[in-house]
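Enquirer: Structure below; questions to follow.
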Amino acid sequence: MAGLSFRRATREDTPLILSFIRQLAEYEQMADQVVATEELLEQEIFDRHGAEVVFAAADGQEIGFALYFYNFSTFLGRAGLYLEDLYVRPEYRGKGFGKALLQHLAHIACERGCGRMEWWCLDWNRPSIDFYLSLGAEAMTDWTVYRLSGNTLSGLGADG
């Protein structure tokens, strides 16, 4: 795709990463749940290496991002790439940039020997669901996501 490039985020990009996270949260109607700060993101991404970020840029302007990390499949005996966030600014949607960003991530996963690539999608987000299905992604209908967080997590962890 002409004019499209990808680059890994650097520490100096932390404000831009947070900006994209906030834009995604607005789109998902979850802006009130964003408690991340630049300091926290910088520590987690660049000091602890808990995640990686790649930007998609068109003509030198960042138009989207993906934040990912690695999980592990005991059945495959290999790591997998877990895509936490993928976002393309509204004015760039429907032009192939999202697909190119996913292709770039799939390339990273293959290059690093990952056995699979996974992500979650809100069940009301029909445009994204249709997009993922068009790429050949499969919905994991036999699995239910569970979560511990906040006081529930710290309460359970206190007894361990």
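Read-outs throughout are calculated quantities, based only on the coordinates presented, and are distinct from any laboratory measurement. Just so it is clear, the structure is predicted and the values come from calculations on it, not from any experiment. Using ideal geometry, Cβ is built from the backbone for each residue, glycine included, and neighbour counts are taken over all protein chains shown.
Enquirer: For the stretch 65-76, name all the residues that are touching a residue at least 12 places away in the same chain (Cβ under 8 Å) and out of contact with any helix residue (DSSP H, G or I) (no Cβ under 6 Å at 6 or more places or on another chain).
Expert: Residues satisfying the conditions are L67, Y68, F69, Y70, N71, S73, L76.
Enquirer: Please find, within the stretch 113-139, the residue that is nearest to L101 (Cα to Cα) out of those that are charged (D, E, K, R) and out of contact with any Ser or Thr (no Cβ under 9 Å at 6 or more places or on another chain).
Expert: Result: E118.
Here's the yes/no breakdown for (1) surrounded by 13 or more Cβ atoms within 10 Å (Cβ to Cβ); (2) hydrophobic (A, V, I, L, M, F, W, C); (3) closer than 17 Å to L83 by Cα:
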site: R11; (1), (2), (3): no, no, no
site: P15; (1), (2), (3): no, no, no
site: I21; (1), (2), (3): yes, yes, yes
site: E26; (1), (2), (3): no, no, no
site: Q29; (1), (2), (3): no, no, no
site: D32; (1), (2), (3): no, no, no
site: A36; (1), (2), (3): yes, yes, no
site: I45; (1), (2), (3): yes, yes, yes
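Enquirer: Still on this model: Taking the condition of being closer than 22 Å to P127 by Cα, under 14 Å from the mean Cα position of the chain (by Cα), outside any helix (DSSP H, G or I) and not small (G, A, S), how many residues in the stretch 22-61 meet it?
Expert: Number satisfying all stated conditions: 2.
Enquirer: Inspect all residues belonging to the stretch 93-115 and state whether any of them is outside any helix (DSSP H, G or I), in contact with a strand residue (DSSP E or B) (Cβ under 9 Å, 6 or more places away or on another chain) and either β-branched (V, I, T) or buried (at least 17 other Cβ atoms within 10 Å of the Cβ) (or both).
Expert: yes
Enquirer: If you scan the stretch 62-92, which residues turn out to be under 15 Å from Q23 (Cα atoms), part of a strand (DSSP E or B) and out of contact with any Lys or Arg (no Cβ under 6 Å at 6 or more places or on another chain)?
Expert: Once the filter is applied, which keeps residues that are under 15 Å from Q23 (Cα atoms), part of a strand (DSSP E or B) and out of contact with any Lys or Arg (no Cβ under 6 Å at 6 or more places or on another chain), the stretch 62-92 yields E62, G64, F65, A66, L67, E84, D85, L86, Y87, V88.
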